[in-house]
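Asks: There's a structure below that I have some questions on.
A short reminder: the numbers here are calculations on the coordinates, not readings from a lab. Computed from a prediction, not measured in an experiment: that's the story for all the values here. Virtual Cβ from ideal backbone geometry, glycine too; neighbours counted across all protein chains shown.
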């Protein structure tokens with residue numbers, strides 16, 4: 001089951017994604033099953049298909065875990081309130097990855 | 001007489017009006033709205049209006065409890081166009097109006113002369129000037145330091161010690177900019193993560209002299225006529241970024257194009273990893289830094305003996321015969337002359353000699 005969503009990058013993270021600030025995509029589960037995808041599936045997809053910079057360690061560490069210091073907002077809410085990587089993506093969701101690691 | 005705090009009541013005895021949302025999913029402060037974030041400092045899940053209120057009020061409390069400003073004071077705000085200084089400018093404007101501090105804030109920006117980095121962020125500062133209705137002063141390395149921009153410096157010395165140059169030059173440039181404006185106080189956007197990172201770095205380096213004072217909210221060093229303060233010292237970077245995002249503040253985010261200090265980067269990554277497993281770690285590290293009681297040996301006495309004098313070259317206040325900026329400039333100018341006369345061969349020796357001299361200077 002593919003789910004349409006919007007993904008945004010900010011705080012300098014856009015430089016890893018060809019300076020794109022916002023993309024729309026349709027996402028299915030990475031294991032091929034029919035259940036709806038989670039944020040973990042999204043991160044795998046972004047690393048494999050969307051990221052243009054080769055330094056994936058600036059986005060994920062220890063496999064496909066979002067690097068500490070990168071905030072994830074699901075429909076503007078802190079992903080810590082939504083189950084983080086286990087959050088099941090709903091159609092039309094807006095997911096923002098914002099780096100706090102860049103200079104102020 | 002203060003009442004002893006009541007133990008938490010079991011839910012059955014709480015008087016709560018019926019709501020369409022379960023209590024467990026409402027803001028832990030107003031119990032009314034949907035929570036939008038978890039505060040790293042407290043673990044509380046709170047809504048946007050409550051977040052704005054606590055974030056601003058904590059900064060206000062820092063300002064008043066530490067008496068950072070006085071009525072009628074003119075204060076320069078070190079503005080880079082990045083998230084921290086933009087949030088600082090916005091919040092100080094809000095608080096100055098809300099609590100009537102009676103302080104005049106002026107934006108002060110340094111143009112290091114780094115193409116593709118500083119020129120873009122300065123455009124943001126120019127918009128902030130309009131948005132926050134503050135005066136703006138820009139001072140450049142090129143005008144202060146014998147026509148050297150950071151791009152020129154890196155072209156000459158390479159990519160290794162450039163942060164040293166930039167650090168020394170920026171510090172003095174902020175002072176000179178403030179003096180140009182007749183201002184004796186500069187506030188900077190250093191946040192809690194920056195503070196924790198600095199404590200950790202000083203600890204890991206065994207730099208006990210700095211460890212002792214790096215958490216001070218107001219700093220005034222012997223070789224500077226201008227005091228510095230850090231109103232965002234207790235504000236988490238996460239909350240600063242969320243505040244800027246929810247308030248839709250106009251800021252610029254990019255990394256300096258020249259290689260950053262590897263040691264600082266490693267300390268930074270460590271802080272962020274610690275925050276993931278224990279969010280209060282950042283504020284706890286600052287607390288540790290503030291309460292370290294270090295045994296005074298000869299170092300403390302030596303500091304007091306340092307006499308204030310002026311640099312023989314530029315007349316600027318310095319703790320040495322020649323100020324740090326002029327020492328660096330001397331090396332750069334000698335290098336430039338050497339390049340013009342001999343080509344680049346003499347340059348590494350010059351750099352080494354300069355480094356030796358720097359090691360003997362007290363920072």
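Asks: If you scale each eigenvalue of the Cα gyration tensor by 5 and take the root, what three semi-axes come out for the stretch B:47-156, rounded to whole angstrom and sorted largest first?
Replies: 31, 16, 12
Asks: For peptide B:31-39, compute the average count of partner chain beta-carbon atoms within 10 Å of each residue's beta-carbon.
Replies: That average works out to 3.
Asks: Tell me, what is a quarter of the convex hull surface for the C-alpha atoms of the stretch B:48-305, in nm² with one decimal?
Replies: Mean orientational projected area (the stretch B:48-305, Cα hull): 14.7 nm².
Asks: Taking one equal scatterer on every alpha-carbon of the stretch B:247-288, how large is log10 of I(q)/I(0) by Debye at q = 0.33 1/Å?
Replies: After summing over all Cα pairs, the log10 values are -1.03.
Asks: Same structure again: How long is the gain from residue B:133 to residue B:250 if the chain were fully straight, where each residue apart is worth 0.36 nm and the alpha carbon distance is subtracted?
Replies: So the extension gain works out to 40.7 nm.
Asks: If you don't mind, another one. Along the Cα→Cβ direction, 7 angstrom out, place labels at residue A:49 and residue B:115. What is the inter-label distance in nm?
Replies: Each label point lies 7 Å from its Cα, and together they span 3.9 nm.
Asks: Right, here's the next one. Round to the nearest 0.05 the FRET efficiency obtained for residue B:276 and residue B:221 when R0 = 25 Å and r is the Cβ-Cβ distance.
Replies: So, using R0 = 25 Å, E works out to roughly 0.10.
Asks: Set the Förster radius R0 to 35 Å, insert the Cβ-Cβ distance between residue A:56 and residue B:52 as r into 1/(1 + (r/R0)^6), and round the FRET efficiency to 0.05.
Replies: Efficiency at R0 = 35 Å is approximately 0.50.
Asks: Quick one: in the stretch B:160-288, what % of C-alpha pairs are over 23 Å apart?
Replies: Cα-Cα pairs in the stretch B:160-288 separated by more than 23 Å: 41 percent.
Asks: Determine one quarter of the surface area of the Cα convex hull of the stretch A:35-104, which equals its mean projected area, and express it in nm² to one decimal.
Replies: 5.4 nm²
Asks: Just to be sure I understand the model, the point goes 7 Å from the Cα along the line to the Cβ. What's the resulting residue B:97 to residue A:34 distance in nm?
Replies: Each label point is offset 7 Å from its Cα along the Cβ direction, giving 5.7 nm.
Asks: Take the alpha-carbon centre of the stretch B:67-98, take the same for the stretch B:127-170, and report the distance between them in whole Å.
Replies: 21 Å
Asks: Now, a different point. Each label point is 7 Å from the Cα along the Cα-to-Cβ direction; what then is the distance between the points at residue A:20 and residue B:73, in nm?
Replies: It is 4.8 nm.
Asks: I want to make sure I understand the PRE zone here: with the label point 7 angstrom from the Cα of residue B:33 toward its beta carbon, which residues in the stretch B:39-60 have backbone N atoms less than 13 Å away?
Replies: The answer is B:46-55, whose backbone nitrogens lie closer than 13 Å to the label point.
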